[in-house]
Ligand code: BES
Ligand code: MN
Ligand code: ZN
């Protein structure tokens, strides 16, 4: 979706939208539209859309009202995004190619207008490249949003900032949507190399050979049943001088069959998005670099495919991690924590981060706990947990904290090695977090966000269609803004 800025409604615009607050229709609307809106019970609630037709310059024009709710609502930004998104949802495949949004009549500020444009762009994401038999009416027709009379500063807010964040979300959705025969560890790395070309982000890649040299027995163990060798990619944005970076570490299991502890067939295709943490990290790095954040940020993705071939690791195997700690692999389907353990150790030794946040589709149990409304948050640091929660709240990527402590930690002691990779049946998301915490050195402030319930949506939401949501890109971006810049 392209976005451009104009000072008047283009002559060829046939669809013109206005953003309307609750119970405050624009004064100069023709009576037919005003009455029409009333008859249709359009009140300007966030996400409501009303469409009417009239004549302008001898041509039929569609006038659209998009509700943005009450101006003093505390979720105002979300409501404005919803308004932009609702417009795009309505016209994306309507046959219309250009949507003009006239901001001239309202009282929105630059950030408000940028929020509308953000919602519009995010809702436009599609991944139709493998659909060769789409009917015309299924195809995207809308290619351009024209912001007319946008408030002063909107264009800069968009070009220097909001568009970069939207591009980050789109990149994450792309990576998550691609099937597992297309995105595997090496091709994930390639996709990142291409996308980060010219952004100023410094890329480092570890191959399986490097991993052997460094003693990364855990990620290698996960990858050894697959024909696709594992990789780790680091994307470093140095916008903040000499300060220690914040590190974001993503689980990138490009397909999780479960390995020898194989998953049931029904729904296994979902496990193409078991790289959602890595996808969020890559997209967030694109956002942060794209808007030239004044912060030092590094994103690390631990990439492996979990498959069950004759060389696959077995339940009972003991592997030695890069940290030196040994792990008894009880269940080969608890592979995310294995991939992350070596990724976390390498991250700390290489980048000496001030704070570490990992993101992972780590457990089905978190979906039982929090459903698809919040991701799970685990942390050894109250300040960090608070800042992440606030950042998520501000952008609509909601997270909810659960405990970590010694009592849970004991549940993953092993009789034969230092740690076992699964605990008892209860508290599965917490024991998974405890496993990760064993790889955090020197009490570095650390948080783990279990996003298993948030990466993929079975139905459309405010700013996403069903499918990949791009969850956590904006949370990370916002957290960087609020804690490391300024
Ligand atoms: N990738 C899964 C977790 C998952 C499940 C993500 C459903 C998204 C949707 C993870 O690797 C896994 O298999 N976890 C196991 C852990 C168990 C073996 C202790 C699980 O949740 O069942
Ligand atoms: Mn698994
Ligand atoms: Zn997994």
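General observations
- Hits in region 377-395 - residues which are in contact (Cβ under 8 Å) with a residue 12 or more places away in the chain and part of a helix (DSSP H, G or I): 383, 384, 385, 387, 388, 389, 390, 391, 392, 394, 395
- Residue 199 vs. criteria assigned to a loop (DSSP other than H, G, I, E, B), assigned by TED's automatic domain parsing to the domain that holds residue 254, modelled with pLDDT of 95 or more and within 20 Å of residue 477 (Cβ to Cβ): yes
- Every residue from region 457-472 that is out of contact with any strand residue (DSSP E or B) (no Cβ under 9 Å at 6 or more places or on another chain) and under 14 Å from residue 275 (Cα atoms): 470
- Residues that are assigned by TED's automatic domain parsing to the domain that holds residue 170, at pLDDT 95 or above, over 24 Å from the mean Cα position of the chain (by Cα) and within 16 Å of ligand 1 (Cβ to nearest atom) do not occur anywhere in region 229-250.
- For region 256-276, a tally of residues being within 10 Å of ligand 1 (Cβ to nearest atom), within 23 Å of residue 171 (Cα to Cα) and crowded, with 17+ Cβ neighbours inside 10 Å returns 6.
- Within region 438-466, the set of residues being under 16 Å from residue 352 (Cα atoms) and in a loop (DSSP other than H, G, I, E, B) comprises 439, 440, 441, 442, 443, 444, 445.
- Taking region 243-271 as the range and being outside any strand (DSSP E or B), away from ligand 2 (no atom under 13 Å from the Cβ) and touching a residue at least 12 places away in the same chain (Cβ under 8 Å) as the test, the residues that pass are 243, 244, 245.
- Filtering region 227-276 to residues that are on the phi > 0 side of the Ramachandran plot and within 16 Å of ligand 3 (Cβ to nearest atom) leaves 258, 259, 267.
The values are calculated or read from the model by the stated rules, or taken from the named source; none is laboratory data. Small disclaimer: the values here were computed from a predicted structure and weren't measured. Cβ sites come from the backbone with ideal geometry, for glycine too, and all protein chains shown count toward neighbours.
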